[in-house]
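Nothing in this text is a laboratory measurement; each read-out follows from the coordinates by a stated rule. Since this is a predicted model, take the numbers as computed values, not measurements. Cβ placement follows ideal geometry from the backbone for every residue including glycine, while neighbour counts extend to all protein chains displayed.
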Amino acid sequence: MQKNKGENDLLSAFIENPNTNGKYKVVLIVVLNERYGDYSFCRVAFDEFSDYPRYLYKKGPSNGTNATPTSKIAGDIGKTFQNRFLKWFQNYETYDISEEEKESLKKMNMAIRDQKETILADLQEKFSQKKSDENAIITLGIERDGEMSYLGDQQVFKNILLRKGKDKYYLKSQGKSLGKDSACSVCKEVKEEVYGFAIPWTFHTFDKPGFIAGGFEVNESWKNTPVCFDCATRLEVGKKYIEENLDYGFYGFRYLLVPKLTMAGDENEALEEVLDILGNKDEKRKIKINREIKNRITADENEIFAFVKDQKDFFSNSLIFYKKEQSSYRILLLIEGILPSRLKALFNAKEKVDERFNIYNDSILSETQREKNHLEFNFGVLRRFFPSESKNRTFDKIFLEMVDKIFVGDQISYHLLIDFIMSKVREAFVKDYSTNITTLNGFLLLHYIEKLNLFKANKAEMKEMNERGSEVLRIEELESLPLEQRIERFFEANKAFFNSDGKKATFLEGVLTQKLLNIQWMDKKATPFRTKLHGLKMNEPLIKRLLPEIQNKLEEYGKNYYRDLESIIAHYFVLAGVNWKEVDDELSFYFVLGMDMHKLFKNTKEMDEQIGEGA
């Protein structure tokens, strides 16, 4: 997973940014003058932090020196100078470099040692010039013929960093994991040394039963994942590339998008082309600038899916959902083999469903609701019903399972979704909140899953119904029709869901119920009939019992403008017969869906009296 650009790529695997928190804004540079291979102290320069690779910073152990002379100044500059800077040069003999390079370091050490009091005084004077809320780092600079160079320009320091970088591949506090003359698990070649801690994502440990190739002995653990130095550094570069270019947010999680070639040919050349495509920040920025919100299926503004979907299927993608815990990574979900064409199918389904829901945005939601809760599919709709935490429970696991099924095309339980949707709707209902945003998002989710043909039961039948009921409703067209035709038109457009007379009767009774509640609110500024709805825990007997009760209440108020609607409901009751096949949660959903879509079925009389205008 890397574009091989030689030593600079290898170095980038080890170099750290000392200013990740944005507070290390000052750089104190101990400048040595170099002339014909000899060194002498010149000055301490005060500079602004920039271009962090030039400093070659790599943090070392707390009781030792860093990989190079660059260090953060922690409190006492004198201690940092003595323990991190001076000591680094004093250890020149221990570094794994050539004798010629050691000789250069020896001369630098002598130049610094001879002037250490002067250097420290200059450092303290310069350090006092920084602002109180700023921190500083100390580093070395070499001046030749009036031109300054940094550690990143000096080959000797780069060599030391490269060789020191390998320590972490086989050394941990628990011990050493180093194999000799063994095959690398990555390149398959026998190498002089292979390391046990070289996999850059620490998804595994060596003290648990799942990782027992080394017999629980750390010094034998390299046998699990032996990696040579060249492959280790390339893995490190790949990790850095992916984290900088292909790491995204996903509703409380992070995921890595890892491409894999699906075609034959020059693998390196093809992979480089893939990474150029995926890592092309300019192209992705254009998408963001164009604000193609409808081309996103997540809330991450930098989402890459909209970009990948337009590529050809010469590479697939793995999605690694992970959680970082201290220095370790825990894989929560791995989705493999996602082709661009599959992503395109997800976006096509979104586009069609979003278009069909325009009528509900326009006719049901208030202007404020449209701004905050515009009905369009993204995985936030799914997350709404499987939240990270609700009533001291977490639904992360089932949410990720649903995400997995949607991406790979596995079947999903319709009734499971209905159960979770109704749980959130009832939660809003019992708190006397508006349910329409939750209900309509539930209907939107059902439409999306159905459009992808992922529901388990009657898959072929639902697909056929979906194709026959795929026309987009327009509010102007609907309002121009008489009530009975309007209802038929609505059911036909949503035929995949209104496939029984029981569902139709329940939905329309929900419409009628909300109309009664609207009248009660206008008359009493209260809705006492809500108590008759049993917290939206509906069933067939309750639904059948409610119809005459609603009619009686409307007659009592002298505002029964809905006799034609009542007649249609009764007609569907007759057609539905007894012992309906729908489960209670399903009936509850269709009932509240009718309540929240009542505005689609207004008549002239209630419009004249402005009944339900604010509902």
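Got a sec to turn the phi values of region 303-318 into Karplus ³J(HN,Hα) couplings, 6.51 cos²θ - 1.76 cosθ + 1.60 with θ = phi - 60°, whole Hz, x for Gly and Pro?
Values per residue, Gly and Pro as x: 3, 9, 4, 5, 7, 5, 4, 8, 8, 7, 7, 8, 8, 10, 9, 9 Hz.
Once fully extended, how much extra length lies between ASP247 and GLU367, figured as 0.36 nm per residue of separation less the alpha-carbon to alpha-carbon distance?
Computed gain between ASP247 and GLU367 is 39.7 nm.
What is the order of GLU16, GLU336, fewest Cβ neighbours within 10 Å to most?
In order of increasing Cβ crowding within 10 Å: GLU336, GLU16.
Report the full-extension gain for the segment GLU555 to GLU336: residue separation times 0.36 nm, less the Cα-Cα distance, to one decimal in nm.
72.7 nm
Could you tell me the relative contact order of the chain? Use alpha-carbon pairs under 8 Å, at least six residues apart, and round to a whole percent.
Working: 906 pairs, mean separation 55.3, N = 615.
Reported relative contact order: 9 percent.
What is the angle, in °, between the Cα long axis of helix 563-576 and the longest principal axis of the Cα atoms in the chain? Nearest 10 is fine, range 0 to 90.
80
For a Förster distance of 30 Å, can you work out the FRET efficiency between the beta-carbons of ASP276 and CYS187, rounded to the nearest 0.05?
Once the sixth-power term is evaluated, E becomes 0.80.
In the set [x] 49, 32, 22; [y] 67, 27, 21; [z] 66, 31, 27, which value of semi-axes √(5λ) of the Cα gyration tensor in Å was calculated from the structure you see?
Looking at semi-axes √(5λ) of the Cα gyration tensor in Å for this model, the match is [y].
Can you give the FRET efficiency for THR118 and ASP153, using 1/(1 + (r/R0)^6), R0 = 30 Å, r = Cβ-Cβ distance, to the nearest 0.05? Don't skip to the end; give the middle numbers.
Numbers: r = 25 Å, r/R0 = 0.83.
With R0 = 30 Å, the Cβ-Cβ based efficiency is 0.75.
Using 0.36 nm times the number of residues separating LEU575 and SER98, minus their current alpha carbon distance, what extension gain do you get?
Result for the pair: 162.5 nm of gain on full extension.
Kindly state, to the nearest 0.05, the FRET efficiency for GLN82 paired with ALA299, given R0 = 41 Å and r defined as their beta-carbon distance.
For GLN82 and ALA299, the calculated efficiency is 0.25.
Out of all DSSP beta bridges with both ends in region 1-153, state the antiparallel percent to the nearest 5.
The antiparallel proportion sits near 65 percent.
At a Cα cut-off below 21 Å, give the lysines reachable from LYS581, other chains included and same-chain residues fewer than 8 away excluded.
Output for LYS581: LYS456, LYS459, LYS463, LYS495, LYS503, LYS504, LYS537, LYS544.
Tell me the label-point distance for the pair SER50, GLU476, using the 7 Å Cα-to-Cβ offset, in nm and rounded to one decimal.
5.8
Got the relative contact order for region 82-171 handy, in percent, Cα pairs under 8 Å and 6 or more residues apart? Spell out each step's value before the answer.
Numbers: 39 pairs, mean separation 23.3, N = 90.
Relative contact order here is 26 percent.
Could you tell me the number of lysine pairs in region 307-382 with C-alpha atoms less than 15 Å from each other, where the two lysines are 8 or more residues apart or belong to different chains?
Count of close lysine pairs: 4.
Output the antiparallel fraction of DSSP beta bridges having both residues in the chain, as a percent to the nearest 5.
Of all bridge pairs located within the chain, approximately 80 percent are antiparallel.
If amide H atoms are built 1.01 Å from N in the plane of the peptide, which residues on other chains or at least 5 residues away come under 5 Å of the amide H of TYR57?
Counting only residues 5 or more places away or on other chains, the set is GLU16.
Within straight cross-link reach of LYS23, meaning Cα distance under 22 Å, which lysines are found once same-chain residues fewer than 8 apart are removed?
LYS58, LYS59, LYS72, LYS79, LYS126, LYS130, LYS131
If you line up the long axis of helix 584-596 against the longest principal axis of the chain, both from Cα atoms, how many degrees apart are they, to the nearest 10?
Helix 584-596 sits roughly 80 degrees off the main axis of the chain.
With angles folded into 0 to 90 degrees, how steeply does helix 340-356 sit against the dominant principal axis of the chain? Use alpha carbons for both and round to 10.
Computed tilt is about 40 degrees.
I want to check the label-to-label distance for PHE529 and ASP608. Put each point 7 Å from Cα in the C-beta direction and report it in nm to one decimal.
Label-label distance for PHE529 and ASP608, simple model: 2.0 nm.
Using only helices, what value at 222 nm comes out for the chain when you add -39,500 (n - 2.57) per DSSP H run of length 4 or more and divide by the total residues, to the nearest 500 deg cm²/dmol? Don't jump to the answer; show the numbers that get you there.
Working: 26 runs with 282 residues, N = 615.
Computed mean residue ellipticity for the chain: -14000 deg cm²/dmol.
Given labels modelled 7 Å from the Cα in the Cβ direction, how far is it in nm from LYS130 to ALA74?
About 1.4 nm, to one decimal.
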